[in-house]
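For reference, the structure is listed below as structure tokens.
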């Protein structure tokens, strides 16, 4: 919980400490009520939100305000949800997106 | 059916909504984010008089006023399409559709990325992302970071990160490339820095802002600027150092740096590595205009305003009947200008309903210039010139319309 900025000289201290439980790739985690998925995971030092469709390389949030779509995850079975714009809810199941089949590339590789 | 639908609950959209609802119009404001306030939310800086501009409080003040006036604010609502059927605007969101008589786009700005080897690693983020994470969501972007890009936005946010107790190795330049442009050149960065040096606590820079009007003198000082950087208001500014690569296996573990000469050339043998766990890329802002493009607005590329802007007049009317714009969609400026522009758009809408005189719209438009003149910092030093160019282009298009 040390990554959370609970005290701030100008913005003041955070009083709302209601804790929610959710899961990320099956791992049970907690979030402060009002945190986005991206913020709650970062607070737990989890930066990799998904893996690139083709290369499988890890990706995290980039713009944090919904523009870039780098942070998309599957939430309660719904794919391509932006982790930076979605608040954690009690019992939420968040899963990383991973590589996708690329039959055309496989077909090409077999022949070329 | 709403009288006005506003897209964007930032300073421009909220102030326009407040203006319209104060005269009895039925207003809907839509926004993707979970709080009203737009990018005003993250702002936190000290005014020249020492008081703090707290974006969260300013946003709350505007949103409370909007709610009190009975404005419907639908947050976490993403607009995916716009259509005009006869005189009615149809706004499609992911959840439902809305209808309105007038439409105002107050969608704000987007950050320009600067691609650098390794920039897709988790832990690399835009400078605005770090601001929102720190000030709005209250989670540290990391333990120790580096900012790539030295400009007015990155300096302001670096101060905010420092205030929240987040350690920065430095603010440095990106490696020179076709995309990084002037962001990678010490001279333009230094000249730009001098244009807002009145904010700096460092006496050398403060003196420089007043004295270094001559290019040859700037070159001399730039040549003497220390390689290791200069601490300005407690921020380590490395104007003559560039990040060449972001390194790490599955996340950011560090960066490769190289020192530059005064002309931006890499100094052989000066390559070195520094350990950081997050990297912010600050490539500047450009107007977020996609929705205006969907409905056939005329556009112009105006460098001083940050990129392509929908053509508009002093009353924030666009070339499309019944469509208005306000805030950073019309050019990159501060929140106070956006608030003033929102008021103009709101009054122009009220005038179109026959509720107020044109004189009132005119007065509000004049007030925008005043706010702009008194703004403590400007994102582009020639913003007024850019605005004049828009008005000239508007004149040309309107003349064509009349002669046709």
Lone qualifier among A:90, A:35 - being surrounded by 21 or more Cβ atoms within 10 Å (Cβ to Cβ), farther than 20 Å from residue B:280 by Cα and touching a residue at least 24 places away in the same chain (Cβ under 8 Å): A:35
Residue within region B:52-67 that is under 22 Å from residue A:67 (Cβ atoms), within 11 Å of chain A (Cβ to nearest Cβ), crowded, with 16+ Cβ neighbours inside 10 Å and at pLDDT below 95 present: no
Test: residue in region A:95-103 that is at pLDDT 95 or above, farther than 23 Å from residue B:56 by Cα and crowded, with 21+ Cβ neighbours inside 10 Å: no
Filter pass, residue B:57 being closer than 20 Å to residue B:131 by Cα, free of Cβ contacts under 8 Å to residues at least 12 places away in the same chain and not in a strand (DSSP E or B): yes
Of residues in region A:25-70 being assigned to a strand (DSSP E or B) and farther than 30 Å from residue A:104 by Cα, the one farthest from the other protein chains (Cβ to nearest Cβ): A:28
The lone exception for residue B:358 - which of (1) loosely packed, with under 14 Cβ neighbours inside 10 Å; (2) within 30 Å of residue B:191 (Cβ to Cβ); (3) touching a helix residue (DSSP H, G or I) at 6+ places or on another chain (Cβ under 7 Å) it fails: (2)
From B:116, B:157, B:166, B:179, residue being in contact (Cβ under 8 Å) with a residue 24 or more places away in the chain and crowded, with 24+ Cβ neighbours inside 10 Å: B:157
Filter result for residue A:73 (touching a residue at least 60 places away in the same chain (Cβ under 8 Å) and under 12 Å from the mean Cα position of the chain (by Cα)): no
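Residue-wise test of (1) surrounded by fewer than 20 Cβ atoms within 10 Å (Cβ to Cβ); (2) out of contact with any strand residue (DSSP E or B) (no Cβ under 6 Å at 6 or more places or on another chain); (3) within 14 Å of another protein chain (Cβ to nearest Cβ).
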residue: B:28; (1), (2), (3): no, no, no
residue: B:48; (1), (2), (3): yes, yes, no
residue: B:79; (1), (2), (3): no, no, yes
residue: B:83; (1), (2), (3): yes, no, no
residue: B:92; (1), (2), (3): yes, no, no
From the options B:386, B:342, residue that is crowded, with 23+ Cβ neighbours inside 10 Å and part of a helix (DSSP H, G or I): B:342
All positions within region B:13-54 that are under 20 Å from residue B:353 (Cα atoms) and assigned to a helix (DSSP H, G or I): B:13, B:14, B:15, B:16, B:17, B:18, B:19, B:20, B:21, B:22
Output for region B:286-316, where each listed residue is touching a helix residue (DSSP H, G or I) at 6+ places or on another chain (Cβ under 7 Å) and within 14 Å of chain A (Cβ to nearest Cβ): B:287, B:288, B:289
Test result for residue A:22, modelled with pLDDT of 95 or more, surrounded by 21 or more Cβ atoms within 10 Å (Cβ to Cβ) and in a loop (DSSP other than H, G, I, E, B): no
Residues of region B:153-193 satisfying the condition of being within 14 Å of chain A (Cβ to nearest Cβ) and either at pLDDT below 85 or outside any helix (DSSP H, G or I) (or both): B:164, B:165, B:166, B:167
Those residues of region B:250-266 which are more than 14 Å from every other protein chain (Cβ to nearest Cβ) and either in contact (Cβ under 8 Å) with a residue 12 or more places away in the chain or closer than 16 Å to residue B:144 by Cα (or both), in sequence order: B:254, B:255, B:256, B:257, B:258, B:259, B:260, B:261, B:262, B:263, B:264, B:266
Checklist (1) assigned to a loop (DSSP other than H, G, I, E, B); (2) within 13 Å of chain A (Cβ to nearest Cβ); (3) within 22 Å of the chain's Cα centre (by Cα) applied to residue B:150, failing item: (2)
Condition met for residue B:264 (closer than 28 Å to residue B:332 by Cβ, touching a helix residue (DSSP H, G or I) at 6+ places or on another chain (Cβ under 6 Å) and modelled with pLDDT under 95): yes
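The values are calculated or read from the model by the stated rules, or taken from the named source; none is laboratory data. Since we're looking at a predicted model, the values are computed, not measured. FYI the Cβ positions are ideal-geometry reconstructions off the backbone, even for glycines, and counts take in every protein chain you see.
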